[in-house]
1. Using 0.36 nm per residue of separation minus the Cα-Cα distance, give me the extension gain between Thr179 and Val74 in nm, one decimal.
2. Sorting check: for 79-89, 312-322, which peptide has the highest mean count of neighbouring beta carbons within 10 Å, and how do the rest follow?
3. Of Lys17/Lys312; Lys99/Lys169; Lys73/Lys123; Lys147/Lys200; Lys143/Lys169, which pairs sit farther than 24 Å apart, going by alpha carbon to alpha carbon?
4. Out of residues 5 or more away from Val42 or on other chains, whose amide H comes under 5 Å of its own, with H placed 1.01 Å from N in the peptide plane?
5. Under 20 Å from a label point 7 Å along Cα→Cβ of Phe90: give me every residue in the range 128-159 with its amide N that close.
6. Where a ≥ b ≥ c are the square roots of the eigenvalues of the C-alpha gyration tensor, would you call the range 66-131 rounded, which needs a/c under 1.5, or, failing that, prolate if a/b is larger than b/c, or oblate?
7. Find, among the GluC sites (Glu not before Pro) in the range 134-220, those assigned to loop by DSSP (not H, G, I, E, B) with at most 15 other beta-carbon atoms within 10 angstrom.
Amino acid sequence: MSKTYKQRNRDHDIFLKGILSLDEMVLLLLHRYLPLDLQRYVDFSTLRILSETHIDNKLVAQYSDSIHECALKVEELPETVRNMPDLPVFRFCFLWEHKSHKPYEPIESQQERYRYAIISSDKKNKRSPSTVIPILIYHGATKWNKKMLYEQFEPYLPPEILDFIPHPKYIIIDIQAITEAEIEKMVDLGVLRAAFLTLKNAHKKNFFQKDMGKALKFVEKLPIGYVFQEFFKMLLAYMERRSELESDKFNAILEQNLKEDMVASKKTMFEIAEEKAELRGIEKGYVQGMEKGIEEGIEKGIEKGTFDSIIKLWQKGIEPNMISNLLDLDIQHVNQIIADFQKQEPEKMTKK
């Protein structure tokens, strides 16, 4: 069954919001796309994502993919400025926005609403006005060639009139305009090249059946740390949703495209996928018409499946925090199950 437009757009949103939740990935993008003369003023060591409580504005929290904050490097300012009494505390706010199709309204008007919502929040919380830098990630089926409002008037009107035409600036990452050869050369983006190539081809139905390996090669020969695992999990989940293939067929294609040095990571991912598939199978069987008397058995089966999954991963040396993230379970629940297992099976307390 084909997905609705809303569901397809949600696929992209989930993937990109996941990437933007990882500071390491955000830093790769900022170092790649911020102008060099601007980067010198940004204290990247202070990067943090702003939650809704920090944004303090429902408009921004609802419609922006995410907002990151960095302090300004005061030492880069002219000495005469640095020595001013009561120098305000300045900060940069990087306002990320994602589009998988061309917007109907001018993108600048939407971004300006966000910009002034942040500045209004600054005023409300007695902060200095933020320097808001919108960054648009676009990967629609066609290239982004819309002119800004200012550009539409610029060839015809004198400066005296142009001064009153809005001219807001933003940074655009037009993935569709980047060739596959160019993506391959973007070594400074690391694993994000896999994300770029996948997003570029996300609108093509056959890409995930025929050319998945083109993207997966960018995640080879890399350290299997927490950030990598999180990114790899997001990438595989996005690929599977976009492929619209049954899990077995998708996993078969995926396995064909993974190289030897990805076996350890693949094994971990497939074990988790297998456990989740078992739970989904129980749920699917129930929906298709299981007798009411089986309901209690289903609950016990799910509970046992969750218990076994946690213990299996824990015995393989995976930390409880990672297990919590991978199985979408509360960390306290994970810790409790491990503690119960240690009490019941003292001879198995040593991890394999």
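None of the figures in this text is laboratory data; all of them are computed from the coordinates on show. Keep in mind it's a predicted model, so treat the numbers as computed, not measured. Glycine also receives a Cβ, built like all others from the backbone with ideal geometry; neighbour counts cover every protein chain displayed.
1. 34.0 nm
2. On the way: 79-89: 8.5, 312-322: 15.4.
Descending mean neighbour count gives 312-322, 79-89.
3. Lys17/Lys312
4. Long-range HN contacts for Val42: Lys73.
5. Zone members listed by number: 128-135.
6. On the way: a/c = 3.10, a/b = 2.18, b/c = 1.42.
Verdict is prolate for the range 66-131.
7. Listed in order of number, the matching sites are Glu220.
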